[in-house]
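Since the structure comes first, as structure tokens, the remarks are kept for the end.
The values are calculated or read from the model by the stated rules, or taken from the named source; none is laboratory data. All values reported here derive from a predicted model rather than from experimental measurement. For neighbour counting, all protein chains shown are included, and Cβ atoms are generated from backbone atoms with ideal geometry for every residue, glycine included. Heads up: the accessible areas ignore ligands, DNA and RNA and are worked out on the full protein's heavy atoms, side chains in. Shrake-Rupley method; radii C 1.70, N 1.55, O 1.52, S 1.80 Å.
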Amino acid sequence: NEALARVKEQRWRTQDGWWEIERWIELMAFSDAPESVIDCVAALPPDFKRTHNFRRVVFALGYANAQHSLKTLIALADHVPALATTRNYWDAIATTGSLEATNHLSALAFDQQHARALGAEWSSSADTLARMLKKYPSARREFLDRIAKGQRIASSQILIQVLPAIADQQDVLTLVQGCDFSSDDPLFDALERTVQELTVVDRPVEGTNT
């Protein structure tokens, strides 16, 4: 559009120029074709493709046309890779609420480069992933099967937080067989915490029928 054309012609760009473009992109996000956002972002100058510039856009896409918003969010992260390491992005993906969204977040958790880049966002990301996995049993099963087959979540903190939230007693018995007790395997710590959580859940409260 005209705003983008004006900004691209400027040798020195200010944040004021971005704000005008941002409003247009937000409107695109709520249109019948939110994927049109990607063409606009692809045409942006590199100095505008910064994570903080897309907070409002990512939030809007989380509530946009559900049929296209997930694909648009993923494509947006291809153009601005650091987006996928933000809580804003994980929350928006989860807001779309689909099985595909859950599988996408699960895949990110197993991605070495991505999980290490989460930094201080790992705790909220773990909570989001656990909530989605509990919503979709098939995604939960696939997640646990990957761990049982020897794959490890790149962030041990995420593993230690997610596993106790989704695993039951049978899962523990299965996973412990693949635990490497001779090394510093984060799975051991995750299973230990899972057992502690299950003990608290299953222990009856004295003086009650629960």
Next on the checklist: I'd like to know if the stretch 152-166 contains one or more residues that are open to solvent by less than 40 Å² (accessible area, probe 1.4 Å) and closer than 30 Å to Ala42 by Cα.
Outcome noted: yes
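Looking at Ala64, Ala82, Ala101, Ala60 in this structure, which one is assigned to a loop (DSSP other than H, G, I, E, B), among the small types (Gly, Ala, Ser) and in contact (Cβ under 8 Å) with a residue 24 or more places away in the chain?
Numbers: Ala82 fails: assigned to a loop (DSSP other than H, G, I, E, B); Ala101 fails: assigned to a loop (DSSP other than H, G, I, E, B); Ala60 fails: assigned to a loop (DSSP other than H, G, I, E, B).
Only one candidate passes the filter, namely Ala64.
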Item to check | Number of the condition not met by Ala115 [criteria: (1) buried (at least 20 other Cβ atoms within 10 Å of the Cβ); (2) modelled with pLDDT of 80 or more] | outcome: (2)
Next on the checklist: One residue is enough: does the stretch 128-135 have a residue meeting the conditions touching a Leu at 6+ places or on another chain (Cβ under 7 Å) and small (Gly, Ala, Ser)?
Outcome noted: no
Checklist outcome for this item: Here the qualifying pairs (Cβ atoms under 9 Å; residues six or more apart or on different chains; first in the stretch 86-97 and of a type outside the set (D, E, K, R); second open to solvent by 10 Å² or more (accessible area, probe 1.4 Å) and in a loop (DSSP other than H, G, I, E, B)) come out as Ala92/Tyr63; Thr95/Tyr63; Thr96/Tyr63; Thr96/Ala64
Next on the checklist: Within the stretch 30-54, take every residue that is modelled with pLDDT under 85, of a type in the set (A, V, I, L, M, F, W, C) and open to solvent by less than 30 Å² (accessible area, probe 1.4 Å) and give me the one that is nearest to Ile93 (Cα to Cα).
Outcome noted: Cys40
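Please work out if Ile147 is touching a Ser or Thr at 6+ places or on another chain (Cβ under 8 Å), under 19 Å from His104 (Cβ atoms) and assigned to a helix (DSSP H, G or I). Break it down into steps so the answer makes sense when it comes.
Numbers: touching a Ser or Thr at 6+ places or on another chain (Cβ under 8 Å): no; under 19 Å from His104 (Cβ atoms): yes; assigned to a helix (DSSP H, G or I): yes.
Here the answer is no, as Ile147 does not meet what is asked.
Going by the structure shown, is Asp189 outside any loop (DSSP other than H, G, I, E, B), open to solvent by less than 70 Å² (accessible area, probe 1.4 Å) and free of Cβ contacts under 8 Å to residues at least 60 places away in the same chain?
On the way: outside any loop (DSSP other than H, G, I, E, B): yes; open to solvent by less than 70 Å² (accessible area, probe 1.4 Å): yes; free of Cβ contacts under 8 Å to residues at least 60 places away in the same chain: yes.
Spelling it out, Asp189 is indeed outside any loop (DSSP other than H, G, I, E, B), open to solvent by less than 70 Å² (accessible area, probe 1.4 Å) and free of Cβ contacts under 8 Å to residues at least 60 places away in the same chain.
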Item to check | Number of the exception - Lys149 against (1) in contact (Cβ under 8 Å) with a residue 40 or more places away in the chain; (2) open to solvent by 50 Å² or more (accessible area, probe 1.4 Å); (3) of a type outside the set (S, T, N, Q) | outcome: (1)
Checklist entry - If you go through the stretch 132-143 one residue at a time, do you hit one that is at pLDDT 90 or above, closer than 22 Å to Leu83 by Cα and open to solvent by less than 60 Å² (accessible area, probe 1.4 Å)? => result yes
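Residue by residue through the stretch 140-160, note down the ones that are within 19 Å of Ala101 (Cβ to Cβ) and not aromatic (Phe, Trp, Tyr).
If we filter the stretch 140-160 for residues that are within 19 Å of Ala101 (Cβ to Cβ), which is where we start, we get 140-144, 146, 153, 158.
Arg140, Arg141, Glu142, Leu144, Arg146, Ile153, Ile158, listed by residue number.
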